[in-house]
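The values are calculated or read from the model by the stated rules, or taken from the named source; none is laboratory data. Bear in mind the structure is a predicted one, so any value in this text is a computation, not a measurement. Here the Cβ is made from the backbone with ideal geometry for all residues, glycine too, and neighbour counts use every protein chain on show. Only protein heavy atoms, including side chains, enter the accessible area calculation; ligands, DNA and RNA are left aside. Shrake-Rupley method; radii C 1.70, N 1.55, O 1.52, S 1.80 Å.
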Amino acid sequence: MTSRPASERRTILVTGGTGTLGAELVSRLARGSHASVVVLTRGTARPRPAVPPNVQMLTGDVRCGPTFGLDSSDAATLREHITDIVHCVADTTFNRPLAEARATNVAGTQAVLAFAKECQHLERMACFSTVYVAGRTTGCFAEQDVGGADGFVNSYEQSKAEMEAVVRDAMRELPIAIYRLSTIIGDSRTGEVTGLNAIHHALRLLYQGLAPMVPGQETGLVDLIPVDFAAKASHYLFEHEFSPGATCHLCAGAAGSATLGALLDATMTAFERYRPAWRKRSIARPAIVELETYELFVRSVEEAGNQVLLQATRAVQAFACQLAYPKVFDNRHAGVVLARAGIAAPNVLEYYDRVVRWCVEKNWGTAS
Amino acid sequence: MTRVGIDALTYYLPAYAPTLSELEALGALRGPASTLAGFGFERARVAESESHVDMAMHAVRALLSETDTSPDEINLVLYAGALTSSSTMECSPAPAGSVLRLRDFMDFFKYPVSQLQSELDLSNASVAGIDQQGCAAIFSSVRLARATLLAEPDVHTVLCVSADRLPHGASREVVYNLVSDGACAMLMRREPKRNRIVATHQVTKGAFWDSGSLENEIIAAYFPTARTVIEDTLRKAGVTLDDIRWVIPHNVSLRSWEILLGLIGCPREKLFSANIGRVGHTIAADNFINLRDAADAGLLHPGDLLLLFTFGYGLNWSCMVLEH
Ligand SMILES: NC(=O)c1ccc[n+]([C@@H]2O[C@H](COP(=O)([O-])OP(=O)(O)OC[C@H]3O[C@@H](n4cnc5c(N)ncnc54)[C@H](OP(=O)(O)O)[C@@H]3O)[C@@H](O)[C@H]2O)c1
């Protein structure tokens, strides 16, 4: 790898640049730096956000190996110009069969790393991960900690932890930083949700009165972040404080988190506020229960073969079980660096109401 | 403060007790017998020729005779039932799909409680029917009996009776529970020998009145509200779960009780569960059948605090704490 001549523009490859985080990052990268941005995705049904002129869209698949299934000359040209890689591609569905999750998150990342090794002008690379590589660990989980000692709650967490191992290995040769995100819940300014995840599905089930219980503890902290913070913080770290070999937690931390009980209360309050008629449905706040009780309920639904409740429990199960392993993410390293730039995650209760409002008023994105 | 309680109680269960596989063979289950077996059921009690009033009369006759009570002593009869049946007609044979066999509009005015008063010669008793609360109706009659005994000095003995039977040919499986026919009868008095009522509590959520179309929502609604109702009853009684010696259940599935016990943090050993498998879920009388059997088995001692909880369509969650 050699440095690019100062006169040349940067070319930033953003894999997964149309996703929840990727789309926000692409617009910041395209706006903020004198760079060309190349976005690589499979181009599936997801509606494409308006693309700035200095952004080029490529259709490829990281599961196809280091050329991503591109024409070999296109891949070579890309390798020639790339100076930065922001790797956002992931299969973010929590309950995929492990082999499928690995295909995108581990083998797909290996392909991107193999591609990166061939980029002669590569200066830096960011790989996005999740703080939930912590898995079933409880208590404090720090940036230098490697997760999974107590196992994982779902295949997503496990595959991302395996991805980190692969990335850490590649750090010996490549200038890579790992950015571990907490769960993105929506935009703190507008409440808009661009990608529905298990939390939004859980909210919808609660709204429909199909969520009788959640595992966890009333006072257990739930770490959630808004997408604008995730994009702003990771963009800042990547552009201004890039530190090869670092692992950074982009999370709310203890100060920015709320208890599970408070979040459930806020949810019920918001449902009543934004759909006054909902109150008439007399839907109770879900009970917070021990994991054993929750699992017995799930097993009973499975044995009863009740399809509606089965789908409902499956939709949240893979995420909900994480609530039974309360933990706090220590973001000492990233937190200090970001604080210097005046960037901090807001407390979730400052904007949570807006997110629930968006879900209710937009009917979880199905209403125009 | 005057104490009111359940001085004596009896019950009646039909003799016919088909097993789950027999019911399955008869086409009387919605799903496979194995699912209900996994949830803790073994057999149901199924009335053959007896109507719900017949069963109620059996229970009351036994009660009067066991306690050597003269029919004249009864001042008030409260007759509870889940299926809105004001009719006293025999249910067999019923036209397909119908619950009542009405020959005439006037049949609506044939009241079970009046028939019972007449046939058992309870001539000093005024009567009332209590229904529209599913399996929680008997709890309401106990609650109202207590209120009457506290409010009206000339009422000394209240007979609470509850009886229900499913129509012939109806599925015995309702929301993953095995439903039985049966009846119970109780004498309620001031300064009772046993079973003093410490607290009662009921929550109604009429939003779920259309039970048939809201089955999934009802299953989901059951648990969190059951927990708050139990907790609120304990609070009213001024006790905690630790003080409760036995939980005397309604005989919905053992599985759902295990989940509910998990929700309220109650050890499994406190649940009197012996009857769930062998009796099934009688609409009318579970908790009181169980109370009687637990007492007969020598499990209850004077002063023991008992928690009784039930749930009925409507939706109604009802709970009481008794001091045995
Ligand atoms: N969102 C969160 O709450 C959260 C939390 C913690 C960590 N993270 C991490 O942050 C990163 C971004 O997450 P996100 O929420 O933005 O993900 P996302 O919304 O699911 O988007 C995934 C992106 O990857 C693309 N993609 C998926 N499979 C691909 C493949 N095989 N080849 C090429 N492109 C593919 C998708 O576009 P196509 O479908 O068109 O290919 C899309 O652009 C991921 O590493 C994720 O693990 C996210």
**Report entry** Flag if B:Arg143 is away from chain A (no Cβ under 14 Å) and free of Cβ contacts under 8 Å to residues at least 24 places away in the same chain
**Finding:** no
**Report entry** Residue count for the range A:329-343, restricted to those that are within 17 Å of the chain's Cα centre (by Cα) and either of a type in the set (Asp, Glu) or open to solvent by 30 Å² or more (accessible area, probe 1.4 Å) (or both)
**Finding:** 1
Query - Filtered residues of the range A:56-100 (kept if farther than 22 Å from A:Met163 by Cβ and of a type in the set (Ser, Thr, Tyr)) - result: A:Thr59, A:Ser72, A:Ser73, A:Thr77, A:Thr83
Query raised in the report: Within the range A:237-256, which residues are open to solvent by 20 Å² or more (accessible area, probe 1.4 Å) and not in a loop (DSSP other than H, G, I, E, B)?
Result: A:Glu239, A:His240, A:Thr247, A:Ala254, A:Ala255
Query raised in the report: Picking from B:Ser21, B:Ser126, B:Ser34, which residue would you name as being within 14 Å of chain A (Cβ to nearest Cβ) and modelled with pLDDT of 95 or more?
Result: B:Ser34
Query - Number of the condition not met by A:Pro53 [criteria: (1) open to solvent by 20 Å² or more (accessible area, probe 1.4 Å); (2) under 23 Å from the mean Cα position of the chain (by Cα); (3) on the phi < 0 side of the Ramachandran plot] - result: (2)
**Report entry** Exclusive hit being small (Gly, Ala, Ser) and facing chain A (nearest Cβ under 8 Å), set B:Gly212, B:Gly238, B:Gly182, B:Gly206
**Finding:** B:Gly206
Requested in this report: Specify which of the listed residues (A:Val227, A:Val167) is within 13 Å of the ligand (Cβ to nearest atom), in contact (Cβ under 8 Å) with a residue 60 or more places away in the chain, more than 14 Å from chain B (Cβ to nearest Cβ) and open to solvent by less than 20 Å² (accessible area, probe 1.4 Å).
Outcome: A:Val227
Requested in this report: List the helices (runs of 4 or more DSSP H) that sit entirely inside the range B:201-303 and contain at least 2 residues that are among the hydroxyl-bearing types (Ser, Thr, Tyr).
Outcome: B:215-237
Query raised in the report: Could you say whether any residue in the range A:204-219 is within 16 Å of the ligand (Cβ to nearest atom) and either among the hydroxyl-bearing types (Ser, Thr, Tyr) or closer than 28 Å to A:Ala277 by Cβ (or both)?
Result: no
Report summary line: Going through the range A:299-324 in order, the residues found to be surrounded by 21 or more Cβ atoms within 10 Å (Cβ to Cβ), without any contact (Cβ under 8 Å) to a residue 24 or more places away in the chain and more than 9 Å from chain B (Cβ to nearest Cβ) are A:Thr313
**Report entry** Subset of the range B:154-176 [within 14 Å of chain A (Cβ to nearest Cβ) and either at positive phi or surrounded by 24 or more Cβ atoms within 10 Å (Cβ to Cβ) (or both)]
**Finding:** B:Val175, B:Tyr176
Query raised in the report: Within the range A:87-120, how many residues are among the β-branched types (Val, Ile, Thr) and over 20 Å from A:Tyr132 (Cα atoms)?
Result: 1
Query raised in the report: When you scan the range B:4-58, how many residues do you find that are surrounded by fewer than 19 Cβ atoms within 10 Å (Cβ to Cβ) and in a loop (DSSP other than H, G, I, E, B)?
Result: 12
